[in-house]
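Any read-out appearing in this document is the output of simple, stated calculations on the displayed coordinates, not a laboratory observation. None of the values given here were measured: they were computed from a predicted structure. Note that we place each Cβ from the backbone using ideal geometry, even for glycine, and neighbour counts take in every protein chain shown.
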Amino acid sequence: MENDIITIECPCGAVFEVEKEEVDISGDRWTHCPKCNRKLPIPEEDED
């Protein structure tokens, strides 16, 4: 599911689609809010 669009709401109020994604050494996925630049975790998607 590489082409899924992920929308995130930041505590600053910005709602945005993830365009750039970072993965740390533990495998957690992160993005940055385009409005306040806060680092936000990308939620894991459940595969049914």
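Before moving on, here are some points about what is shown:
- Net +/- balance of residues flanking residue 16 in space, Cβ distance below 10 Å, scoring K and R +1, D and E -1: -2
- Local electrostatic count, residue 32, Cβ distance below 15 Å [Lys/Arg +1, Asp/Glu -1]: -2
- With both labels modelled 7 Å from their Cα along Cα-to-Cβ, the residue 16 to residue 45 distance reads 2.0 nm.
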